[in-house]
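J.: My questions all concern the structure below.
The values are calculated or read from the model by the stated rules, or taken from the named source; none is laboratory data. Small disclaimer: the values here were computed from a predicted structure and weren't measured. All Cβ positions, glycine included, derive from the backbone under ideal geometry; neighbour counts span all protein chains shown. With ligands, DNA and RNA removed, areas are computed over all heavy atoms of the protein, side chains included. Shrake-Rupley method; radii C 1.70, N 1.55, O 1.52, S 1.80 Å.
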Amino acid sequence: MRFLTAGESHGPALTIIIEGYPAGVAFERGQIDAQLKRRQAGYGRGGRMRIEQDRVEILAGVRNGVTLGSPIALLIRNRDWENWSGVMASDPDQIDAERAAERKVTRPRPGHADLAGGLKYHQEDLRNILERASARETAARVAAGTAGRILLEQLGCGIFSHVVQIGMVAADAVEDARDFDLIAGHAAVSPIACADEQAGAEMMRQIDRATAVGDTLGGVFEVICRGLPPGLGSHAHWDRRLDASLAAAVMSIPSVKGVEIGLGFRGVSTPGSDYHDAIGCSRERGFYRNTNRAGGIEGGLTNGEAIMIRGAVKPVPTLVKPLPSIDLATGESVTAAVERSDVCIVPAAGVIAEAMAAWVLACAVMEKFGGDTLLEIEQRVREYRERIAEWVP
Ligand code: EPS
């Protein structure tokens, strides 16, 4: 399976094409809209989120609520387009030269794609870079990733995320696998998707403080996926290792600067005897671990435990009190351009990372169990699980 997205932040719409998705999957716009809403809702979002009410339109590949096996085409309209058509139109007749000149960006923002993108694509107006580099594109990723999530859910897998750190404020670590329901439950109702109520309240205060002084904040989210069978991915080649694909997918989210699987960087000071997850087995649980420091992946393969991925998010680079920069039009030392932006995107990034992880995991399911229809995939997964159960002494 693969997907492509197109669309500028202030263009008419974001578009998505998904190819290779199986037939026979119940697929409704409401499932995608619910995820788009979660992406928009995270505490710390800026003015754009008050304009948009992201909704998907399914243009192809689905009939009467069920996928056909043909390419799926999705569309998310930008409500803000009506304010920007004179600046962003593809048709020269619709461009308002005065407004387009007003919105021209020549002072690159440190931390953004502005300068390197402008140099690479030879664009004097850095808007031609920032429009596509904008995290607005992640709405399209959430739509595509939800297709992956729908497939995983059909096979009995669940995926969710929570915020573990904002700025200096960290939530209490949850290492016990049995607490997952608790995390998922709390995170679903908390305005910041944090399972630690006290820390969550302090995180929101920090975001309010950053807003008041015109600054931005980064942090860490964690994505958890439960219910996958062992043996997805492969140890056999570098680009088949599932942890590598997951890391690439999460790292591709704007502002993510680090990814951990399991304990990741936090595990390096632990001796091997305390780090690795001892193997047990029983009739009820099959092969299992009582700890999950590996984060559900060993040797590039799922081991049947929950997959745990953390992402480190840098502070949003658009600053109300901007850093020094150079005006490319005049060569003068200036301060960087100020665009409307968010104060903290960590909760939203968790939702986007769920979508990206769901997509990669659904691709891994398709690679192992193949199939043109959901029925075929379900049957193959069932047979595989039965075969594994026979190994349990
Ligand atoms: C975003 C849309 C953008 C920003 C934000 C995320 O809209 P606008 O530029 O019109 O305000 O709010 O983008 C960034 C934080 C960024 O760095 O690009 C969205 O839909 O998520």
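J.: Taking only pairs six or more apart or across chains, which ones have beta-carbon atoms under 9 Å, a first residue in region 251-273 that is under 21 Å from residue 306 (Cα atoms) and of a type outside the set (Gly, Ala, Ser), and a second residue that is open to solvent by 90 Å² or more (accessible area, probe 1.4 Å) and assigned to a strand (DSSP E or B)?
T.: Partner pairs satisfying both residue conditions: 251/257.
J.: Would you check if there is a residue in region 268-284 being out of contact with any Phe, Trp or Tyr (no Cβ under 9 Å at 6 or more places or on another chain), within 30 Å of residue 366 (Cα to Cα) and assigned to a helix (DSSP H, G or I)?
T.: No, region 268-284 contains no residue that is out of contact with any Phe, Trp or Tyr (no Cβ under 9 Å at 6 or more places or on another chain), within 30 Å of residue 366 (Cα to Cα) and assigned to a helix (DSSP H, G or I).
J.: Quick check on residue 389: is it away from the ligand (no atom under 16 Å from the Cβ), in contact (Cβ under 8 Å) with a residue 40 or more places away in the chain, among the small types (Gly, Ala, Ser) and surrounded by fewer than 18 Cβ atoms within 10 Å (Cβ to Cβ)? Quick ask: steps written out before the conclusion?
T.: Details: away from the ligand (no atom under 16 Å from the Cβ): yes; in contact (Cβ under 8 Å) with a residue 40 or more places away in the chain: yes; among the small types (Gly, Ala, Ser): yes; surrounded by fewer than 18 Cβ atoms within 10 Å (Cβ to Cβ): yes.
For residue 389, the condition - away from the ligand (no atom under 16 Å from the Cβ), in contact (Cβ under 8 Å) with a residue 40 or more places away in the chain, among the small types (Gly, Ala, Ser) and surrounded by fewer than 18 Cβ atoms within 10 Å (Cβ to Cβ) - is met.
J.: Answer with yes or no whether residue 12 is more than 19 Å from the chain's Cα centre (by Cα) and more than 16 Å from the ligand (Cβ to nearest atom). Can you show your working first?
T.: On the way: more than 19 Å from the chain's Cα centre (by Cα): yes; more than 16 Å from the ligand (Cβ to nearest atom): no.
Here the answer is no, as residue 12 does not meet what is asked.
J.: Within the bounds of region 52-62, is there any residue that is near the ligand (Cβ under 10 Å from one of its atoms) and open to solvent by less than 40 Å² (accessible area, probe 1.4 Å)? Show your work before the answer.
T.: Of region 52-62, the ones near the ligand (Cβ under 10 Å from one of its atoms) are 52, 54.
Subsequent filtering for residues that are open to solvent by less than 40 Å² (accessible area, probe 1.4 Å) retains 52, 54.
Checked against the condition, which is being near the ligand (Cβ under 10 Å from one of its atoms) and open to solvent by less than 40 Å² (accessible area, probe 1.4 Å), region 52-62 yields at least one hit.
J.: Could you list, in sequence order, all residues of region 91-122 that are assigned to a loop (DSSP other than H, G, I, E, B), without any contact (Cβ under 8 Å) to a residue 40 or more places away in the chain and either within 18 Å of residue 15 (Cβ to Cβ) or within 16 Å of the ligand (Cβ to nearest atom) (or both)?
T.: In the first step, residues of region 91-122 are kept if they are assigned to a loop (DSSP other than H, G, I, E, B); the result is 91, 95-96, 103-113, 122.
Checking the rest, the ones that are also without any contact (Cβ under 8 Å) to a residue 40 or more places away in the chain come to 91, 95-96, 103-104, 113, 122.
Hits for region 91-122 are 91, 103, 104, 113.
J.: Here is a follow-up. Condition (residue is surrounded by 14 or more Cβ atoms within 10 Å (Cβ to Cβ), aliphatic (A, V, I, L, M) and within 16 Å of the ligand (Cβ to nearest atom)) applied to region 40-49: is it met by at least one residue?
T.: Here is the first cut: in region 40-49, the residues surrounded by 14 or more Cβ atoms within 10 Å (Cβ to Cβ) are 40-46, 48-49.
With the extra rule that they be aliphatic (A, V, I, L, M), the set shrinks to 41, 49.
Right, trim to within 16 Å of the ligand (Cβ to nearest atom) and you get 41, 49.
Yes.
J.: State the number of residues belonging to region 141-167 that are of a type outside the set (D, E, K, R), over 15 Å from the mean Cα position of the chain (by Cα) and over 20 Å from residue 43 (Cα atoms). It would help to see each step written out before you state the result.
T.: Filtering region 141-167 for residues of a type outside the set (D, E, K, R) gives 142-148, 150-152, 154-167.
The next check asks that each one be over 15 Å from the mean Cα position of the chain (by Cα); those that pass are 150-152, 154-158, 164-167.
Subsequent filtering for residues that are over 20 Å from residue 43 (Cα atoms) retains 150-152, 154-158.
So the count comes out to 8.
J.: Run residue 140 past the list (1) open to solvent by less than 20 Å² (accessible area, probe 1.4 Å); (2) of a type outside the set (Lys, Arg); (3) not in a helix (DSSP H, G or I) and report the number of the one that doesn't hold.
T.: Evaluating residue 140 over (1) open to solvent by less than 20 Å² (accessible area, probe 1.4 Å); (2) of a type outside the set (Lys, Arg); (3) not in a helix (DSSP H, G or I) leaves (3) as the failure.
J.: Okay, moving on. If you scan region 382-393, which residues turn out to be of a type in the set (A, V, I, L, M, F, W, C) and under 14 Å from residue 302 (Cα atoms)?
T.: At the first step, the residues of region 382-393 found to be of a type in the set (A, V, I, L, M, F, W, C) are 388-389, 391-392.
Matches in region 382-393: 388 only.
J.: Could you pull out the residue among 212, 236 that is at pLDDT 95 or above and either assigned to a helix (DSSP H, G or I) or open to solvent by 20 Å² or more (accessible area, probe 1.4 Å) (or both)?
T.: 236
J.: Follow-up question, since we're still on this one. Can you pull out every residue in region 285-308 that is aliphatic (A, V, I, L, M) and assigned to a loop (DSSP other than H, G, I, E, B)? Write out each step before concluding.
T.: Filtering region 285-308 for residues aliphatic (A, V, I, L, M) gives 294, 297, 301, 306-308.
If the condition is that a residue be aliphatic (A, V, I, L, M) and assigned to a loop (DSSP other than H, G, I, E, B), then 294, 306 are the ones that fit.
J.: For region 309-326, indicate whether the set of residues that are within 12 Å of the ligand (Cβ to nearest atom), assigned to a helix (DSSP H, G or I) and either of a type outside the set (Val, Ile, Thr) or under 26 Å from residue 295 (Cα atoms) (or both) is non-empty.
T.: First, pick out the residues of region 309-326 that are within 12 Å of the ligand (Cβ to nearest atom): 313-319.
Pick out the ones that are also assigned to a helix (DSSP H, G or I) and you get none.
Within region 309-326 (the criterion being within 12 Å of the ligand (Cβ to nearest atom), assigned to a helix (DSSP H, G or I) and either of a type outside the set (Val, Ile, Thr) or under 26 Å from residue 295 (Cα atoms) (or both)), the answer is no, since none of the residues qualifies.
J.: If you check residue 227 against the conditions, is it of a type outside the set (A, V, I, L, M) and surrounded by fewer than 16 Cβ atoms within 10 Å (Cβ to Cβ)?
T.: yes
J.: Now for a separate question. Checking the structure you have, find out if any residue of region 18-34 is in contact with a Gly (Cβ under 9 Å, 6 or more places away or on another chain) and of a type in the set (S, T, N, Q).
T.: no
J.: Looking only at region 71-90, filter to residues that are in a helix (DSSP H, G or I) and under 27 Å from residue 60 (Cβ atoms); which one of those is nearest to the ligand (Cβ to nearest atom)? Can you show your working first?
T.: Restricting attention to region 71-90, the residues satisfying the condition of being in a helix (DSSP H, G or I) are 81-88.
Then drop every residue that is not under 27 Å from residue 60 (Cβ atoms), which leaves 81-82, 84-85, 88.
Numbers: 81: 11, 82: 13, 84: 9, 85: 14, 88: 11 Å.
Ranking the candidates gives 84 first.
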